[in-house]
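Engineer: Here's a structure for you.
The values are calculated or read from the model by the stated rules, or taken from the named source; none is laboratory data. The structure displayed is predicted, hence computed values, not measured ones. Reconstructed Cβ throughout: ideal geometry from the backbone, glycine too, with neighbour counts over all protein chains shown.
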Amino acid sequence: MTRRSLLLLIALAYALAAPPAAAHAGPRSKPLFSMNLYRAGDFVRQYTTKTCVPASMQTMLNMVRPRADGTERTQTTFYRLVLELSRNPYGKPTEKGFDLALDAIGMGRYDLRGERTLERALDVAAAAIARTNRPVALFVWRGTHAWVMHGFTATADPATTDEFRVTAAFVSDPWYPRTSSIWGASSAPNTKLTPAQLSVDYVAWVAKGGRSPALNGTYVLLVPVDPESANAPVSSSGPDMAGRRGIGHLGGSAELHGGPQPH
């Protein structure tokens, strides 16, 4: 079964499981809160099979800058930076190098988190996006690949309350438009996925071959902290960063690209 077929089956199962609408509906439910940092031109694909991390860094940086940079030259520079900061004896990027590199390029401080459930990881990601105006990195494919989560829908605004539930995530996969031999075709940039759909790719970290055993069995992500610490240049002619972009209401040491799971 292909990845696309599996996503369609999950969506159909959810639709069939939904209770029928009441004949006389009561008061309308509270609208969902929605936020998305993505703008056309933010996405950067990875130019090689090894550069998911620097491509994700470019996409993330584009979301807090007035001008986008999607060049291969910048991606190569970021890749070398991540390698230097990873200090991996095998010469491969790690999640620690990714973390340090984000701060080095002006994205501000990020924290590496490992959450026990996907739902909790999405809650943490949504709260971080809402409170800092910066995107999150998700370690998908058992920890061997990086995606960018830059938006979500939730039952309430995570910036103002802890009582919320993430109903969907907006994500971008730098592997697009390629197809993985294991995980199937990648979704297009700025794809909206329910938690159930996201679970096809965002699966718990597998610590094989000494890959960060403390993270084993957790859903790993890099989340921004300290809203004021982002140092990427933003001009008055760029997006309005005083208020969160894309907000609205509608009517969530490893080796990356070099671990045991090939594409």
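Engineer: Hey, among the residues in the range 54-76 that are crowded, with 24+ Cβ neighbours inside 10 Å and either part of a loop (DSSP other than H, G, I, E, B) or at pLDDT below 95 (or both), which one's farthest from the chain's Cα centre (by Cα)?
Structural biologist: Looking at residues that are crowded, with 24+ Cβ neighbours inside 10 Å and either part of a loop (DSSP other than H, G, I, E, B) or at pLDDT below 95 (or both), I get Val64.
Engineer: Any idea which residue in the range 30-47 is farthest from the chain's Cα centre (by Cα), counting only those that are surrounded by fewer than 23 Cβ atoms within 10 Å (Cβ to Cβ) and assigned to a loop (DSSP other than H, G, I, E, B)?
Structural biologist: Taking the candidates together, the pick is Lys30.
Engineer: Residue pairs, Cβ under 7 Å, 6 or more apart or interchain, first in the range 46-61 and closer than 13 Å to Pro135 by Cβ, second at pLDDT below 95. List them.
Structural biologist: Qualifying pairs under 7 Å: Leu61/Ala232.
Engineer: Does Val200 satisfy being of a type in the set (Val, Ile, Thr), at pLDDT 95 or above, part of a strand (DSSP E or B) and over 19 Å from Ala130 (Cβ atoms)?
Structural biologist: Taking the combined requirement at face value, the residue does not satisfy it.
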